[in-house]
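Everything below concerns the one structure shown next.
The values are calculated or read from the model by the stated rules, or taken from the named source; none is laboratory data. Please read these numbers as outputs of a predicted model, since none were measured by experiment. When we count neighbours, we look across all protein chains shown, and the Cβ atoms used for this are built from the backbone with ideal geometry, even at glycine. Ligands, DNA and RNA are excluded from the accessible area calculation, which covers all protein heavy atoms including side chains. Shrake-Rupley method; radii C 1.70, N 1.55, O 1.52, S 1.80 Å.
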Amino acid sequence: QVQLVESGGGLVQPGGSLRLSCAASGILFSFYPMGWYRQAPGKQRELVASITSDGSIYYADSVKDRFTISRDNAKNTVYLQMNNLNPEDTAVYFCNTNVRHKPYWGQGTQVTVSS
């Protein structure tokens, strides 16, 4: 059974940083691409960043040069380092993977950027 568990969200002031973690179980983690999505109130869920099994990385334009995605295959964990946060980054952040064309999601972690 595939499980994804996010952690690391919270309240941060504008310009601050947070590091999200997503621990995966039930899969051969190193074989699969991983992604971070976010969903703000009243908006559609959007892809923020992704990393393939061979380390190829994608970032949404809105987070380039501020966010960094990485993975530790030994720990079955994917990270999202978020720097220079602004209020527009406020959202629930979800971890995602696809196994045999079926998407799996974590429960989400809330990130709130406010002074």
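Quick look at the values:
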{"quantity": "Assigned charges on the beta-carbon of Lys, Arg, Asp, Glu; the chain dipole about Cα centre (debye)", "calculated": "240 debye"}
{"quantity": "Cut-off 18 Å, label 7 Å out along Cα→Cβ of S7, residues of segment 65-88 by amide N", "calculated": "70-82"}
{"quantity": "Ratio of Rg to Rh over segment 12-65 (Cα coordinates, Kirkwood Rh, two decimals)", "calculated": "1.01"}
{"quantity": "E46-K102 pseudo-label distance in nm [points 7 Å out on the Cα-to-Cβ vector]", "calculated": "3.0 nm"}
{"quantity": "HN-Hα J in Hz across segment 79-94 - Karplus 6.51, -1.76, 1.60, θ = phi - 60°, x for Gly and Pro", "calculated": "10, 9, 8, 10, 10, 6, 5, 10, x, 5, 7, 5, 4, 8, 9, 10"}
{"quantity": "The chain - accessible surface per residue (Å², probe 1.4 Å)", "calculated": "55 Å²"}
{"quantity": "Convex hull volume per residue in cubic angstrom - Cα atoms of the chain", "calculated": "95 Å³"}
{"quantity": "Highest average packing first - 49-56, 33-40, Cβ atoms within 10 Å", "calculated": "33-40, 49-56"}
{"quantity": "The chain, accessible surface, carbon-and-sulfur percent (1.4 angstrom probe)", "calculated": "48 percent"}
{"quantity": "Inter-label distance for N86 and F31, nm, one decimal - labels placed 7 Å from Cα along Cα-to-Cβ", "calculated": "4.1 nm"}
